[in-house]
Amino acid sequence: MTAQFSVAEVHEAIAATRPDEVCLVFRDRRLTWSDVTERTRRLANHLIGAGLGCHTERDHLEGHQSGQDHLAIYLHNGNEYLEAMLGSFKARVAPFNVNYRYVAEELRYLLLDSNASAMVVHSQFVPTLTEVLPDLPNLRVILQIPDESGNDLLPGAVWYEDALVAASADKPAVEWSPDDLYILYTGGTTGMPKGVLWRNGDANVECFGGSRADTMEGVLAEATGGLQALLAPPFMHGAGHWMSFRTWNTGGTVFVQSVPERLDPDDVWGLIERERLNFLLIVGDAFGRPLLDRLAKGGYDLSSLTVVLSGGAPLSANLKDEFLQHLPTVMIVDGLGSSEAGGQLSQVSAGGGATTGTFPISPGNHVLSDDLTRELPAGDPEIGWLAKSGNLALGYLGDAAKTARTYPIVAGSRYAVPGDRARLRADGIIELHGRDSVTINSGGEKIFAEEVEAAVKAHPGVYDCVVAGRPSERWGNEVVAIVRVREGYTVTEDDLRTEAERHIARYKLPKAFVFVNEIVRSPAGKADYRWAKAQAAQG
């Protein structure tokens with residue numbers, strides 16, 4: 001059944017039950033639910049006043065089509081990022097994420113592919129935006145937020161706060177719809193970024209963890225408050241804003257780190273200690289390792305923290321065990337999801353015995369056969385495709401063919417198949433093998449990059465690792481591990497092979513290692529496999 005309530009409607013209903021409680025904290029700003037409601041209404045009214053909104057209703061469109069204006073959010077984390085998302089929903093404008101590391105060519109592609117008609121941008125990104133503006137005649141509304149760069153206001157733009165002050169604080173004169181779009185652009189670490197189109201009502205349930213109740217009274221009954229959450233990843237990555245809105249859907253408070261431009265472990269742990277926060281979101285080992293290194297030095301009272309959730313990338317078992325050594329009462333949760341399917345699976349670690357890449361199966365999740373003709377039963381040895389059924393995204397913006405491939409009809413049911421390979425064991429555990437797009441075919445065998453990465457990272461001297469293939473006369477392709485060694489450790493290739501051999505079959509072992517000072521990842525911690533392939537080839 002499709003979701004009945006829009007994000008805007010749910011947030012305003014919860015806000016009405018707790019107007020004076022704190023909703024959003026960034027640096028010295030402590031915004032109440034009433035504050036956030038007013039500010040996002042003003043933003044919506046500014047967008048509506050500029051002629052933006054919904055022009056064609058959903059029931060007249062195909063899954064890959066949009067009938068709305070789109071707002072690009074080109075920002076570091078801050079209160080304005082989440083306000084821009086919520087304000088867009090209230091204007092019936094579809095928000096989407098922009099990777100702030102993009103160079104001009106990549107930004108041009110994204111803004112043309114998205115057909116963006118509006119943007120909220122930090123001043124430091126204006127020089128890059130200026131390079132591509134002549135190619136973007138549809139980008140008609142630009143709201144700029146000042147920052148430490150001191151860059152001047154872009155000609156034709158309006159300062160964000162000035163726009164809010166000048167706009168009405170009244171509830172926007174549009175009818176909010178759960179059919180309106182939420183757009184999430186994929187990371188583009190293995191191919192060109194694509195815009196995934198969600199009904200925002202479905203996204204509120206499947207991505208933002210909102211209530212599935214069919215009455216607003218039922219929704220409000222679940223918004224009990226209590227969640228005090230720090231979301232460390234950049235909001236431009238799905239995990240960051242998914243958990244932000246999930247926190248709001250519980251009636252909780254979202255905290256944004258004071259240093260949003262990079263991961264600052266002292267900033268993260270200090271904020272948790274100072275505000276007595278109980279929830280922390282990270283993205284895999286790229287966040288876990290530096291946070292643990294700082295934790296090992298001591299000095300913080302983190303007794304309020306009850307949950308550490310890793311979403312968007314796997315957290316290695318040895319790092320989970322380290323977290324539990326320092327914080328024995330904390331629950332470590334691995335959350336698995338995708339832009340195309342929303343949240344899918346989760347695994348909880350508490351008290352030791354942590355694993356990597358295994359998840360109890362849950363309703364709506366399946367493993368489909370390699371040829372996408374049937375669902376595999378528990379215990380089937382075939383490594384198939386992880387799939388999800390139920391409330392799914394509509395498709396990829398402007399791409400009917402890729403939409404059909406990713407959302408196949410199997411035995412009369414529609415599934416999302418984002419590209420993860422998996423096997424369903426007889427005990428109901430899903431073994432995740434990794435993304436098919438980064439699978440290495442070597443000597444006639446399929447080798448999953450993430451599986452090899454986890455095996456190499458099990459060595460205590462490895463700070464980070466990413467695995468890629470390179471051409472080989474003997475094997476067709478061979479496995480290469482690009483490794484960053486932890487400070488204070490000396491590690492040889494033999495050491496790493498010996499450790500990896502304890503976890504994976506010999507044919508999967510790296511044929512070569514390339515040692516680097518830094519591994520390139522997205523700001524959200526995701527491996528850049530195009531960079532990794534280049535390193536493997538050079539190595």
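Name the residues in segment 396-429 that are in a strand (DSSP E or B) and more than 21 Å from the chain's Cα centre (by Cα), would you?
Answer for segment 396-429, where residues must be in a strand (DSSP E or B) and more than 21 Å from the chain's Cα centre (by Cα): 399, 409, 410, 413, 414, 423, 424, 429.
Would you mind stating whether residue 413 is in contact with a strand residue (DSSP E or B) (Cβ under 6 Å, 6 or more places away or on another chain), among the polar types (S, T, N, Q) and not assigned by TED's automatic domain parsing to the domain that holds residue 60? Here the answer is no, as residue 413 does not meet what is asked. In segment 504-522, the residues that are not assigned by TED's automatic domain parsing to the domain that holds residue 463 form no Cβ pair under 9 Å with any partner that is at pLDDT 95 or above and surrounded by 18 or more Cβ atoms within 10 Å (Cβ to Cβ), whether six or more places apart or across chains.
Scan segment 163-172 and give yes if some residue there is within 27 Å of the chain's Cα centre (by Cα) and either part of a strand (DSSP E or B) or closer than 29 Å to residue 238 by Cβ (or both), otherwise no. No: zero hits. Taking the conditions (1) surrounded by 15 or more Cβ atoms within 10 Å (Cβ to Cβ); (2) in contact with an Asp or Glu (Cβ under 8 Å, 6 or more places away or on another chain) in turn, residue 301 satisfies each one other than (1). The residue that is nearest to residue 407 (Cα to Cα), counting only those in segment 192-236 that are touching a Ser or Thr at 6+ places or on another chain (Cβ under 6 Å) and assigned to a strand (DSSP E or B), is 196. Applying the condition of being buried (at least 20 other Cβ atoms within 10 Å of the Cβ) and among the aliphatic types (A, V, I, L, M) to segment 318-334 and asking which residue is nearest to residue 306 (Cα to Cα) yields 332.
Residues of segment 134-146 being crowded, with 18+ Cβ neighbours inside 10 Å and outside any strand (DSSP E or B), which ones? If the condition is that a residue be crowded, with 18+ Cβ neighbours inside 10 Å and outside any strand (DSSP E or B), then 136, 139 are the ones that fit. Report yes if some residue within segment 399-414 is among the charged types (D, E, K, R) and within 30 Å of residue 301 (Cβ to Cβ); otherwise report no. The answer is no; no qualifying residue exists. Candidates are the residues of segment 190-205 that are of a type outside the set (Lys, Arg) and at pLDDT below 95; the one that is farthest from residue 63 (Cα to Cα) is 190. Considering every residue within segment 363-383, establish whether at least one is assigned by TED's automatic domain parsing to the domain that holds residue 430, more than 18 Å from residue 309 (Cβ to Cβ) and of a type in the set (Ser, Thr, Tyr). Yes, segment 363-383 contains a residue that is assigned by TED's automatic domain parsing to the domain that holds residue 430, more than 18 Å from residue 309 (Cβ to Cβ) and of a type in the set (Ser, Thr, Tyr). Whenever a residue of segment 284-304 is at positive phi, its partners that are surrounded by 13 or more Cβ atoms within 10 Å (Cβ to Cβ) and polar (S, T, N, Q), lying with C-beta atoms within less than 9 angstrom and at least six residues away or across chains, give the pairs 284/310; 284/316.
Any chance segment 56-69 includes a residue that's buried (at least 22 other Cβ atoms within 10 Å of the Cβ) and closer than 29 Å to residue 259 by Cβ? Scanning segment 56-69 turns up no residue that is buried (at least 22 other Cβ atoms within 10 Å of the Cβ) and closer than 29 Å to residue 259 by Cβ.
Would a scan of segment 12-21 turn up a residue that is in contact with an Asp or Glu (Cβ under 7 Å, 6 or more places away or on another chain) and either crowded, with 22+ Cβ neighbours inside 10 Å or not assigned by TED's automatic domain parsing to the domain that holds residue 404 (or both)?
Initial filter on segment 12-21 (in contact with an Asp or Glu (Cβ under 7 Å, 6 or more places away or on another chain)): none.
Looking through segment 12-21, none of the residues is in contact with an Asp or Glu (Cβ under 7 Å, 6 or more places away or on another chain) and either crowded, with 22+ Cβ neighbours inside 10 Å or not assigned by TED's automatic domain parsing to the domain that holds residue 404 (or both).
Among the residues making up segment 219-263, those that are free of Cβ contacts under 8 Å to residues at least 60 places away in the same chain, hydroxyl-bearing (Ser, Thr, Tyr) and surrounded by fewer than 21 Cβ atoms within 10 Å (Cβ to Cβ) are 224, 250. Here 280, 271 are screened, and the one residue that is in contact (Cβ under 8 Å) with a residue 24 or more places away in the chain, within 30 Å of residue 13 (Cα to Cα) and either surrounded by 24 or more Cβ atoms within 10 Å (Cβ to Cβ) or in the same structural domain as residue 393 (by TED's automatic domain parsing) (or both) is 280. When each of 170, 214, 180 is tested for being touching a residue at least 60 places away in the same chain (Cβ under 8 Å), in the same structural domain as residue 82 (by TED's automatic domain parsing) and touching a Gly at 6+ places or on another chain (Cβ under 9 Å), the lone residue that passes is 180.
Tell me which residues, restricted to segment 74-104, are at pLDDT below 95 and not small (Gly, Ala, Ser). Hits for segment 74-104 are 99, 100, 101, 102, 103. Taking segment 336-384 as the region of interest, the strands (runs of 3 or more DSSP E) fully inside it that hold 1 or more residues being surrounded by fewer than 18 Cβ atoms within 10 Å (Cβ to Cβ) are 342-349, 358-360. Taking segment 255-332 and the helices (runs of 4 or more DSSP H) fully enclosed by it, the elements with 2 or more residues that are at pLDDT below 95 and of a type in the set (S, T, N, Q) are at 317-326.
The values are calculated or read from the model by the stated rules, or taken from the named source; none is laboratory data. Since the model is a prediction, treat every value here as computed from it, not as a measurement. We place every Cβ from the backbone using ideal geometry, glycine too, and count neighbours over all the protein chains shown.
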